[in-house]
Amino acid sequence: LDSSKSTKTMSENLLQFVKWLVISTILMQSNVICGRESHFRAIFNFGDSNSDTGGLSAAFGQAPPPNGITFFHSPKGRFSDGRLIIDFIAQSLGLPYLSAYLDSVGSNFSHGANFATAGSTVRPQNTTKSQSGYSPISLDVQFVQFSDFKTRSKLVRQQGGVFKELLPKEEYFSEALYTFDIGQNDITAGYKLNLTTEQVKAYIPDVLGQFSRVIKGVYGKGGRSFWIHNTGPLGCLPYMLDRYPMSPAQMDEFGCAKPFNEVAQYFNKRLKETVGKLREELPEAKITYVDVYRVKYTLISHAKKYGFEKGVIACCGHGGKYNFNNRERCGASKRKNGREVMIAKSCKDPSVRIIWDGIHYTEAANNWIFLQIVNGSFSDPPTSLGVTNSRSRKTEF
């Protein structure tokens with residue numbers, strides 16, 4: 001009997017030790033990446049759907065299934081089958097995934113907040129969301145939200161109680177990484193108004209002037225470390241290819257529309273110049289310009305080389321040359337025989353596809369892109385966010 005009890009006790013102790021070991025490992029991995037601790041205490045993100053982790057969903061309704069199926073296994077406010085680049089950035093720094101500022105249910109802002117919403121633009125749009133699809137939460141509004149969040153966080157933490165633990169410490173605002181990924185919708189907005197490419201280019205300086213003012217505003221609030229993505233190859237998105245058909249001469253060998261990519265490159269050139277001026281005007285700021293355009297275009301144009309397939313064809317959609325229908329986007333359903341049936345479904349294996357829903361990227365593509373930019377190879381200056389796992393699909397090109 002004593003022997004039986006002793007064996008049982010040893011088994012229980014062993015089980016407790018294994019549990020402790022697993023929990024300790026998870027905690028260590030969440031705070032240290034390959035032995036390197038992050039020097040950023042928080043992340044504050046500004047942007048559009050490329051980095052929205054639930055803002056638009058909180059305000060206007062959840063992104064429908066099958067969004068989120070790969071990692072979260074249900075919709076999680078992201079327009080993707082899983083995680084976004086901003087999620088991988090947070091993970092690499094040992095920080096939690098960012099809660100959307102607009103999401104009041106179950107959010108923890110102790111290590112930052114996400115002010116991005118899908119459909120956001122730098123310049124406020126003179127339309128409603130129902131008219132144009134663009135979010136009313138433009139970049140200037142996001143800055144107002146951030147400014148208010150900073151002020152109220154300090155006041156609420158001083159009051160103590162449970163909310164003290166859910167908001168960032170005051171010093172975190174100066175020790176945070178400020179990430180920006182916005183501008184894509186400012187370009188497409190012009191085409192929706194039937195403007196020519198030259199007319200779109202003509203208003204880009206104004207867009208970047210407003211962008212610059214927000215960066216200066218964040219700097220005035222104590223922000224010092226900025227990580228700014230340029231815009232991706234618009235001409236490779238089914239959303240643009242389906243809506244604005246091009247002649248064969250206007251298409252490149254990889255199925256992308258050259259005019260749209262050229263205006264994106266023009267935007268990026270001017271953005272880089274704007275960043276250069278900001279460095280001169282904000283001497284204490286560390287501003288990193290990240291060329292995600294080059295990385296995304298390389299992935300799409302050499303999909304098979306990097307383990308992907310069907311470069312410009314959407315994974316989740318319904319019909320058409322690009323598996324994209326603007327009236328029946330990913331998750332769209334129709335009523336058949338008295339019940340709702342999803343007609344715009346996910347492809348069988350999102351892990352080998354690049355474009356998720358005709359506008360956004362799959363988790364696999366987002367992860368691949370992140371792994372290329374994390375070490376600073378595509379940054380000016382070449383700033384690294386940290387060391388990645390040796391099993392990653394980091395690729396030299």
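The table below gives the values:
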read-out	value
Candidate residues S384, S110, S377: accessible-area rank, largest first, probe 1.4 Å	S377, S384, S110
At 1.002 mPa s and 20 °C, Stokes diffusion of the stretch 40-168 via Kirkwood alpha-carbon radius, µm² per second	142
Cβ-based net charge around M246, under 14 Å, with every Lys or Arg adding one and every Asp or Glu removing one	-1
Rounded to 10°, Cα long-axis angle of helix 2-31 versus longest principal axis of the chain	30
Listed pairs K154/K221; K169/K221; K129/K258; K258/K305; K258/K296; K201/K258 exceeding 18 Å between Cα atoms	K129/K258; K258/K305
Helical contribution to [θ] at 222 nm, DSSP H n ≥ 4, -39,500 (n - 2.57), averaged over the chain, rounded to 500	-12500 deg cm²/dmol
Amide H contacts of G183 (H built 1.01 Å from N, under 5 Å, at least 5 apart or other chain)	V122
Antiparallel bridge percentage (DSSP; both residues within the chain; nearest 5)	35
Exposure ranking of R329, R279, R213 by accessible area [1.4 Å probe, largest first]	R213, R329, R279
With every protein chain in place, the chain: carbon and sulfur % of accessible area (1.4 Å)	53
Computed accessible area, I187, all protein chains, 1.4 angstrom probe, square angstrom	0
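The values are calculated or read from the model by the stated rules, or taken from the named source; none is laboratory data. Computed from a predicted model, the values in this text were never measured in an experiment. Note that each Cβ is placed from the backbone with ideal geometry, even for glycine, and that neighbours are counted across all protein chains shown. SASA here: full protein model, heavy atoms, side chains in, ligands and nucleic acids out. Shrake-Rupley method; radii C 1.70, N 1.55, O 1.52, S 1.80 Å.
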